[in-house]
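Structure, as structure tokens:
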Amino acid sequence: MKTREEKDEIGKQIVDAALKVHQALGPGLLESAYQICLAHELRKRGLKVECEVSLPVAYDGILIDAGYRIDMLVEECVIVENKTSAAILPIHEAQLLTYMKLQACSLGFLINWNVLLIKQGIKRMVHQH
């Protein structure tokens, strides 16, 4: 189990890596391209990154594979959801919070790559269990 400080450091690495990727690629590509590049950049920094992680839903004592996938799970404790939309919508935030709850993660990032300045497209979210 990672400490809050360790999670915050992972978060800083995610933001810094996103800045680097966006600076190199700019807006306008598919979500999958940014995800692959961000995962590569984070792995170069020594972080464990899993992509498209299956997220079953627990209901009535059983686990149901409803097709949910976490875009990126970093160090088994921080979720990154990548978007390429005109804006981050409340439904995107709700999706990330639900994934954080189901995965028991307290820190997550919603990254909208379709912006001129990536700092405008990064939303850090915290979920208390």
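The values are calculated or read from the model by the stated rules, or taken from the named source; none is laboratory data. Not measured: the values here are computed from a predicted model. So basically every Cβ, Gly included, is an ideal-geometry build from the backbone, and we count neighbours across all protein chains shown.
Flag not set for V80, criterion: touching a residue at least 12 places away in the same chain (Cβ under 8 Å), closer than 18 Å to D16 by Cβ and assigned to a loop (DSSP other than H, G, I, E, B). Of the candidates A18, A39, A24, the single residue that is hydrophobic (A, V, I, L, M, F, W, C), over 15 Å from the mean Cα position of the chain (by Cα) and assigned to a helix (DSSP H, G or I) is A24. Looking only at the stretch 14-37, residues that are free of Cβ contacts under 8 Å to residues at least 60 places away in the same chain and under 15 Å from F109 (Cα atoms) come to 3 in all.
Just one of the numbered conditions (1) surrounded by 13 or more Cβ atoms within 10 Å (Cβ to Cβ); (2) within 16 Å of G121 (Cα to Cα) is not true of A86: (1). Scanning the stretch 42-64 for residues that are under 19 Å from Q13 (Cβ atoms) and either of a type in the set (F, W, Y) or outside any loop (DSSP other than H, G, I, E, B) (or both) returns L42, R43, K44, V49, E50, C51, V53. Exactly one residue out of Q13, Q35, Q23 is loosely packed, with under 12 Cβ neighbours inside 10 Å and modelled with pLDDT of 95 or more: that is Q23. Just checking, does the stretch 109-118 include any residue being out of contact with any Lys or Arg (no Cβ under 7 Å at 6 or more places or on another chain), at pLDDT 95 or above and part of a helix (DSSP H, G or I)? Scanning the stretch 109-118, I find at least one residue that is out of contact with any Lys or Arg (no Cβ under 7 Å at 6 or more places or on another chain), at pLDDT 95 or above and part of a helix (DSSP H, G or I), so the answer is yes. Evaluated against (1) at pLDDT 95 or above; (2) surrounded by 15 or more Cβ atoms within 10 Å (Cβ to Cβ); (3) of a type outside the set (A, V, I, L, M, F, W, C), K2 falls short on exactly one condition, (1).
Only a single item in (1) within 17 Å of V126 (Cβ to Cβ); (2) buried (at least 18 other Cβ atoms within 10 Å of the Cβ) is not met by Q95, and it is number (2).
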